[in-house]
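Single-structure report; data block below.
The values are calculated or read from the model by the stated rules, or taken from the named source; none is laboratory data. What you are looking at is a predicted structure, and each value in this text was computed from that prediction instead of being measured. FYI the Cβ positions are ideal-geometry reconstructions off the backbone, even for glycines, and counts take in every protein chain you see. In case anyone asks, the SASA skips ligands and DNA or RNA and just uses the protein heavy atoms, side chains included. Shrake-Rupley method; radii C 1.70, N 1.55, O 1.52, S 1.80 Å.
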Amino acid sequence: MDIDNLRDEWKSIDVPPCGDETLKVERKVASGHGVRTLRGRLRRISLRLIGGCVAGVLCMIPLAPDHEVLAVAVSAFFIVMGLLHAVQYRMLSGMDPSNATMVDSIRDVCRLESFRRVRRMVGLALMVPLMVYMAMEFTDTYGAYVLPGCIAGLAVGCLAGVAVNRRTTKLLREMKRQLACEN
C-alpha cells in the first residue's frame, strides 16, 4: 500500500470528540493517581508486611518481663524481616518500567524475584528454630496445655505467609508476562 493512500485513509477516519468522562480517565492515568499498577500493589504488600513486623515487635513488649530472651529473639526476627521488607520496598520504588528499557525492567523484576527467594530462605531459617524455642518456652512456663495453642498459631501464621507469598508471586509473574508481551 502506498504511504499517501494510507495517510488519506487515516485522515478520513471520523473520531468522535472525547467526552468529559474520557478526559477525566485520561487525566487520572497521566497523573498516576487512582491507577492501580502491579508495582503499586507489590509496594502496598511490602508496606503492610513492614507494618506487621512493627506490630510484632510491639507485641513482644508485654512478654519482656517474663521472657527476656524470647522477647529479644522474636523482636530481632521481626526487625530483620522488617528491614528485608523495607529493602524490597526500596527496590520496588526504584523500578520505573515506563522510563526504563525493556531489558532493564525485566532485569529489575528478576532481581526482585531472587531477592524474595533469599528473604524467604532467611525468614524460614530464622523462624523454624524460633518457633520451636517459643513452643518449648511457653510449655515450660505455662504447662502442656499451651502447646495446642502454639501449634494453632504456627499453622495460622504459615497459612497467612503462604497466601501473601502466592499473591506476590502471582503479581510478579503477571509483571513478567506483561513485560515479555511488550518485548
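Mind listing whichever residues of the stretch 158-183 are open to solvent by 60 Å² or more (accessible area, probe 1.4 Å), among the polar types (S, T, N, Q) and part of a helix (DSSP H, G or I)? Of everything in the stretch 158-183, just one residue is open to solvent by 60 Å² or more (accessible area, probe 1.4 Å), among the polar types (S, T, N, Q) and part of a helix (DSSP H, G or I), namely Gln178. Within the stretch 95-128, restricting attention to residues that are surrounded by 13 or more Cβ atoms within 10 Å (Cβ to Cβ) and among the aliphatic types (A, V, I, L, M), the residue that is farthest from Val164 (Cα to Cα) is Ala100. Looking only at the stretch 129-155, which residues are in contact (Cβ under 8 Å) with a residue 40 or more places away in the chain, over 31 Å from the mean Cα position of the chain (by Cα) and surrounded by fewer than 15 Cβ atoms within 10 Å (Cβ to Cβ)? Within the stretch 129-155, Thr141 is the sole residue that qualifies.
When the residues of the stretch 69-94 are narrowed to those that are over 17 Å from Arg48 (Cα atoms) and not hydroxyl-bearing (Ser, Thr, Tyr), which ends up surrounded by the most Cβ atoms within 10 Å (Cβ to Cβ)? This residue is Val74. Taken over the stretch 86-103, the residue count meeting the criterion of being free of Cβ contacts under 8 Å to residues at least 24 places away in the same chain and part of a loop (DSSP other than H, G, I, E, B) is 5. If you take the residues in the stretch 20-73 that are of a type in the set (D, E, K, R), at pLDDT 85 or above and within 24 Å of the chain's Cα centre (by Cα), which one is nearest to Gly153 (Cα to Cα)? Selected residue: Arg48.
Of the residues examined, Ile106 is not one that is more than 16 Å from Leu42 (Cα to Cα), part of a helix (DSSP H, G or I) and touching a helix residue (DSSP H, G or I) at 6+ places or on another chain (Cβ under 7 Å). Residues in the stretch 55-85 that are of a type outside the set (A, V, I, L, M, F, W, C), out of contact with any Cys (no Cβ under 7 Å at 6 or more places or on another chain) and in a helix (DSSP H, G or I): Gly56, Glu68, Ser75.
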